[in-house]
Amino acid sequence: TAADKIRPTITLTADRNPLDVDHPTATVTGTVTATMPDGSTGPLRNQPVEVNPDVGAGEPRTLTTDDGGNFSLAITPDDQFTIVEAAILETDQVEAARSPQLWLEVRRIGARALSCAVTPTRVTTTTPITVTGTVVYDTGSGPRPLTGRNIVVRDDKTFQILGTAPLDGSGAFSATVPITAEPGFHPLYVAPDIPSDDLYFFPVNCGNAEGSPPVVLAPGTPRIENFSVTLNELGQAGVFGSIETPLGPNGEVLFYNMENLPIDIEWSRNGKNRWKHIGQLVSLQNGLFGTRDRGLPESTSDPLPSPGSGYFRARFNGNDFLYPMIGPVVRVR
C-alpha cells in the first residue's frame with residue numbers, strides 16, 4: 001500500500017544562475033530526501049533519478065543518488081532559457097516524485113566599442129576613412145577584450161554598410177572604408193557584427209569620450225541671401241543679409257547651426273578686381289548679419305573712397321562643415 005512505500009522529495013539547485021559567456025556551464029545538483037514507512041526521514045541513497053536537462057527539447061538521463069542522496073549534472077544551455085526537471089518513477093518500494101522546475105537563464109552582455117576615432121573627419125568626395133577603436137565586454141569582473149569577431153562600419157545617414165574589419169587578440173580594430181560624401185553630418189554606427197540570435201552578446205555602438213558616435217563631416221555650400229547695401233551721409237555702408245544653410249537633394253536642411261559665422265564685407269570700384277576689405281560681421285542664430293546702427297568701414301579715419309559708390313560683396317571663408325562662399329555683387333551709387 002501507499003503507506004508502506006518510501007515518499008521521496010526532489011530539490012534542484014544550480015551553482016550559478018544566470019550564466020554568461022565567461023560562465024557558460026552550470027552544475028545542477030539534485031537532492032533526494034525521503035520519508036520512510038516508519039516515519040523517519042533522511043537521504044535516499046542509490047535511487048535512480050531521471051533528469052531532463054531541457055524540458056520539451058532534451059532527452060532524460062538516468063542518474064543515481066550517492067550516499068547523501070545527491071546527484072549532479074553539468075549543463076551548458078543552448079538557449080536563453082533552459083528548464084531542468086528531475087523525476088523518480090514509481091516502484092514497489094518508492095512512490096513517484098517530481099522536482100519543481102529549475103530555470104537556467106543565459107544573460108547577454110553588451111559588447112561595446114570604445115575610444116572610437118575616425119580620420120579624416122572632413123571628407124569632400126568618395127573618400128576612404130579609417131575608424132579605429134577597441135571592443136570590450138564586462139560580465140562583472142572588469143572589462144575584457146572581445147576577440148574572434150568582426151567590426152561593422154555603417155553610415156547612419158544613408159544606412160549604407162561601408163565595410164568590416166576583424167577584431168584582434170586585444171579587441172582592437174582598424175577599418176579603412178570608403179564613404180560617399182553627400183553634404184551633411186554622417187554619424188557612424190561602429191559595433192561588433194553580432195547576429196540577433198547570439199546567445200551571449202548584443203552589439204553596442206561606439207562612442208567618443210563624451211559618449212557620442214563618431215561623425216564624418218561632408219561640407220556643403222552655403223548661400224548668401226537678401227544682401228543689400230545703403231550709404232549714409234558719412235560715406236559709410238549699411239550692410240544687411242543672411243547666410244543660409246546648404247540644402248540637400250530633396251530640399252532638406254543640412255546644417256542647423258549658422259550662428260557666429262564670420263562674414264567679410266568687401267568693396268571694389270569696378271566690381272571686378274582690387275577688392276578692399278572694409279569690415280567683418282558675425283551671423284546671428286538665424287544666419288542674419290548686418291551693421292545695425294553703424295556703418296562700414298567702422299573707422300572714420302578709413303572711409304570709403306569718395307563718393308563711396310561702387311560694388312559690394314560678402315565673403316565667407318569656410319569652416320569644417322561649410323565651403324567658402326562669395327555672395328552676389330551689389331552695386332551702390
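The values are calculated or read from the model by the stated rules, or taken from the named source; none is laboratory data. What you see is a predicted model, and the numbers here were worked out from it, not measured in a lab. With ideal geometry, Cβ positions are generated from the backbone for all residues, glycine too; neighbour counts draw on all protein chains shown. These area figures cover heavy atoms from the full protein model, side chains too; ligands, DNA and RNA do not enter into them. Shrake-Rupley method; radii C 1.70, N 1.55, O 1.52, S 1.80 Å.
The set of residues in region 249-290 that are among the hydroxyl-bearing types (Ser, Thr, Tyr) and modelled with pLDDT of 90 or more comprises SER268, SER283.
On the stretch given as region 101-119, residues that are open to solvent by 40 Å² or more (accessible area, probe 1.4 Å) and among the small types (Gly, Ala, Ser) total 2. Pairs linking a residue in region 15-32 that is within 10 Å of THR76 (Cα to Cα) to a residue that is among the β-branched types (Val, Ile, Thr) and open to solvent by less than 50 Å² (accessible area, probe 1.4 Å), with Cβ atoms under 7 Å and 6 or more positions apart or on different chains, are LEU19/VAL106; THR25/ILE75; ALA26/ILE75.
Only residues that are closer than 15 Å to ILE243 by Cβ and open to solvent by less than 20 Å² (accessible area, probe 1.4 Å) were counted in region 267-289, giving 4. Residues that are without any contact (Cβ under 8 Å) to a residue 40 or more places away in the chain number at least 2 in the following strands (runs of 3 or more DSSP E) confined to region 47-91: 48-52, 61-64, 81-88. Residues in region 120-132 that are open to solvent by less than 20 Å² (accessible area, probe 1.4 Å) and at pLDDT 95 or above: ILE129, VAL131. The residues on offer are SER115, SER99, and the sole one that is touching a Ser or Thr at 6+ places or on another chain (Cβ under 8 Å) and either over 30 Å from LEU146 (Cβ atoms) or among the aromatic types (Phe, Trp, Tyr) (or both) is SER99.
Of everything in region 1-35 that is part of a loop (DSSP other than H, G, I, E, B) and open to solvent by 50 Å² or more (accessible area, probe 1.4 Å), the residue that is nearest to ILE109 (Cα to Cα) is PRO18.
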